[in-house]
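The values are calculated or read from the model by the stated rules, or taken from the named source; none is laboratory data. From a predicted model like this one, the values you see are computed outputs, not experimental measurements. Glycine also receives a Cβ, built like all others from the backbone with ideal geometry; neighbour counts cover every protein chain displayed.
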Amino acid sequence: MKRQRSIEEINEKIMNGSAVVLTATEISSLASNHSPEDIFDAVDVVTTGTFSPMCSSGAFINFGHTSPPTKMKKVHLNGVEGYAGIAAVDAYIGAAQSSDQVQEYGGGHVIEALIKGENVLLEAVGSVTDCYPSPSASRAVSLNTVNEAYLYNPRNSYQNYAAAVNSSSQTLRTYMGTLLPHCQNLNYCTSGELSPLINDPELRTVGTGSRILLCGGIGYISARGTQFNIHKKKNRYGIPVEGAATLALSGNMRGMSPRFVKGVTMPGYGVTLYVAVSIPIPLLDTDLAARTMITNDKIHMTVRDFSDPEHREIGEVTYQELLTGSTEIAGQKIRTVPLSGMTVARESAERLKSLIQKGLFTVSAPVEEYGISLQEPEKSRDEALPCTLCETCIALCPAGALSLENASLHHDPTRCVNCLLCRDICPCGLAKGGYHD
């Protein structure tokens with residue numbers, strides 16, 4: 001019979017200080033002489049970690065109102081453009097956005113600077129309105145002065161990632177780093193047996209609402225990451241050989257540590273952000289215990305040639321091979337080059353382990369699961385609303401000619417005085433000829 005325990009039982013042990021927590025690396029080292037039943041009986045939570053360039057990252061920031069108020073239309077932070085089409089003093093800065101002046105500096109560097117506690121220069125151009133009379137704003141901001149600042153990363157923590165080579169005669173500058181000609185190097189980017197989603201490949205404990213460690217602070221899984229694909233090719237151990245699942249992550253920047261985030265520039269390609277992510281895997285049963293016992297020799301990665309427009313597949317390697325410093329593809333010995341920072345990935349996993357052991361971090365069940373049985377909801381066949389049904393026009397109509405009936409806006413032409421007020425104040429722009437159609 002499969003042995004089981006609940007999230008609640010694990011959290012009770014965490015709070016009374018009796019929970020046993022090991023990192024995924026420590027679990028893997030026990031795999032050769034322990035059974036899944038042994039691991040399940042001895043361990044409650046396994047912590048994972050990765051520290052890799054994650055371009056699809058960024059931050060939402062609310063700067064607070066200026067005096068006089070500015071409705072920010074264009075925003076730059078240290079010369080890096082943010083997206084200001086959210087609200088008057090909110091903006092989103094993407095990690096991969098480059099500075100207008102210095103291409104080697106970008107959003108990732110700005111995010112790092114803020115987490116380090118530094119001031120950054122906010123420059124904003126505004127749209128002048130009756131309630132926002134100031135056409136511009138310029139001031140230094142930091143995490144101490146802004147209202148709120150959250151990392152919101154649409155796509156982090158790939159379950160696995162393909163390795164890259166370059167068979168052409170020209171050096172290639174890519175998101176996988178510099179690829180030397182004639183397959184002189186093979187670049188790879190994963191933390192292997194420590195990687196979060198490799199330790200729970202069916203995503204049984206990972207989903208919306210799961211509490212995680214993001215850049216050293218408390219974060220959460222917000223949604224499936226963009227480019228989420230659980231149907232990628234898997235090896236015989238059930239591990240995808242590239243891509244597959246990704247996660248959208250969020251967290252308050254004020255709780256993050258500069259030790260676990262780094263803005264960088266991929267030479268000749270662009271800027272990005274190294275992000276540390278650690279996810280706890282609660283051992284709910286022996287099957288999960290067996291999954292966390294995965295070792296590097298059982299993790300395979302596709303090798304792709306980036307000199308080909310389609311990045312054609314030219315081979316497959318194990319993570320264990322990559323760690324030796326070289327591998328052989330099509331009879332050619334190639335140096336292997338890691339992009340992930342394993343030292344910081346291990347530190348992040350250890351940090352999460354320590355927080356759990358001290359009772360400062362409990363594990364959480366996802367409120368939405370992403371597992372292999374995922375079914376997309378049927379799309380609604382309901383008709384679209386003709387307007388927002390906000391009732392602004394009804395409230396302000398001086399003649400009482402407008403009303404809401406059966407979730408539809410009704411116009412009484414016998415009352416309408418054709419003052420056109422509804423046309424002027426309608427946020428949907430639907431008023432015509434003095435009334436709503």
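Could you check Gly268 against (1) surrounded by fewer than 24 Cβ atoms within 10 Å (Cβ to Cβ); (2) over 18 Å from Ser210 (Cβ atoms); (3) in contact with a Gly (Cβ under 8 Å, 6 or more places away or on another chain) and say which number it fails?
Unmet for Gly268, out of (1) surrounded by fewer than 24 Cβ atoms within 10 Å (Cβ to Cβ); (2) over 18 Å from Ser210 (Cβ atoms); (3) in contact with a Gly (Cβ under 8 Å, 6 or more places away or on another chain): (3).
In this structure, is Asn62 free of Cβ contacts under 8 Å to residues at least 40 places away in the same chain and either surrounded by fewer than 18 Cβ atoms within 10 Å (Cβ to Cβ) or under 25 Å from Thr208 (Cβ atoms) (or both)?
The answer is no for Asn62.
Wholly within segment 302-362, which strands (runs of 3 or more DSSP E) include no fewer than the required count, namely at least 1 residues that are under 23 Å from Gly49 (Cβ atoms) and either touching a residue at least 40 places away in the same chain (Cβ under 8 Å) or hydroxyl-bearing (Ser, Thr, Tyr) (or both)?
313-318, 332-338
Just one of Pro282, Pro240, Pro309, Pro267 is at negative phi and out of contact with any strand residue (DSSP E or B) (no Cβ under 9 Å at 6 or more places or on another chain); which is it?
Result: Pro309 is the single residue among Pro282, Pro240, Pro309, Pro267 that is at negative phi and out of contact with any strand residue (DSSP E or B) (no Cβ under 9 Å at 6 or more places or on another chain).
Among the residues of segment 77-98, is there at least one that is in a helix (DSSP H, G or I) and either within 26 Å of Gly216 (Cα to Cα) or at pLDDT 95 or above (or both)?
no
If you take the residues of segment 76-110 that are under 12 Å from Phe60 (Cβ atoms) and either touching a helix residue (DSSP H, G or I) at 6+ places or on another chain (Cβ under 9 Å) or β-branched (Val, Ile, Thr) (or both), which of them is surrounded by the fewest Cβ atoms within 10 Å (Cβ to Cβ)?
Ile86
Does Ala276 satisfy the criteria of being surrounded by 17 or more Cβ atoms within 10 Å (Cβ to Cβ), touching a residue at least 60 places away in the same chain (Cβ under 8 Å), part of a loop (DSSP other than H, G, I, E, B) and not charged (D, E, K, R)? Before the answer, list the steps.
Details: surrounded by 17 or more Cβ atoms within 10 Å (Cβ to Cβ): yes; touching a residue at least 60 places away in the same chain (Cβ under 8 Å): yes; part of a loop (DSSP other than H, G, I, E, B): no; not charged (D, E, K, R): yes.
Judged against the criteria, Ala276 is not a match.
Of the conditions (1) in contact with a Phe, Trp or Tyr (Cβ under 9 Å, 6 or more places away or on another chain); (2) under 30 Å from Asp285 (Cα atoms), Pro196 fails just one. Which one is it?
(1) is the only condition that Pro196 fails.
Looking at segment 89-129, which of its residues are hydrophobic (A, V, I, L, M, F, W, C) and more than 26 Å from Gly255 (Cβ to Cβ)?
Residues satisfying the conditions are Val102, Ala124, Val125, Val128.
Outside the structural domain of Ser278 (by TED's automatic domain parsing), under 23 Å from Ser340 (Cβ atoms) and assigned to a loop (DSSP other than H, G, I, E, B), is that true of Glu112?
On the way: outside the structural domain of Ser278 (by TED's automatic domain parsing): yes; under 23 Å from Ser340 (Cβ atoms): yes; assigned to a loop (DSSP other than H, G, I, E, B): no.
It is false that Glu112 is outside the structural domain of Ser278 (by TED's automatic domain parsing), under 23 Å from Ser340 (Cβ atoms) and assigned to a loop (DSSP other than H, G, I, E, B).
Quick check on this structure: which one of Ser127, Ser169 is more than 30 Å from Ile230 (Cβ to Cβ) and assigned by TED's automatic domain parsing to the domain that holds Val261?
Only one candidate qualifies: Ser169.
Looking at (1) farther than 15 Å from Leu197 by Cα; (2) hydrophobic (A, V, I, L, M, F, W, C); (3) modelled with pLDDT of 95 or more, find the lone condition where Ala330 falls short.
Evaluating Ala330 over (1) farther than 15 Å from Leu197 by Cα; (2) hydrophobic (A, V, I, L, M, F, W, C); (3) modelled with pLDDT of 95 or more leaves (3) as the failure.
Considering only segment 141-161, state which residues are of a type in the set (Ser, Thr, Tyr) and either in contact (Cβ under 8 Å) with a residue 60 or more places away in the chain or in contact with a Lys or Arg (Cβ under 9 Å, 6 or more places away or on another chain) (or both).
Quick first cut of segment 141-161, residues of a type in the set (Ser, Thr, Tyr) only: 142, 145, 150, 152, 157-158, 161.
Across segment 141-161, the qualifying residues are Thr145, Tyr150, Tyr152, Ser157, Tyr158, Tyr161.
Could you tell me which residue of segment 55-68 is farthest from Ala149 (Cα to Cα), considering only residues that are out of contact with any Pro (no Cβ under 7 Å at 6 or more places or on another chain) and in a loop (DSSP other than H, G, I, E, B)? Spell out the reasoning first.
Here is the first cut: in segment 55-68, the residues out of contact with any Pro (no Cβ under 7 Å at 6 or more places or on another chain) are 55, 57-67.
Those still in the list that are in a loop (DSSP other than H, G, I, E, B) too: 55, 57, 63-67.
Numbers: Cys55: 18, Ser57: 13, Phe63: 9, Gly64: 11, His65: 15, Thr66: 17, Ser67: 21 Å.
Among residues in segment 55-68 that are out of contact with any Pro (no Cβ under 7 Å at 6 or more places or on another chain) and in a loop (DSSP other than H, G, I, E, B), the one farthest from Ala149 (Cα to Cα) is Ser67.
For segment 17-54, give me each residue that is touching a strand residue (DSSP E or B) at 6+ places or on another chain (Cβ under 7 Å) and assigned to a loop (DSSP other than H, G, I, E, B).
Ala19, Val43, Asp44, Thr48, Gly49, Met54
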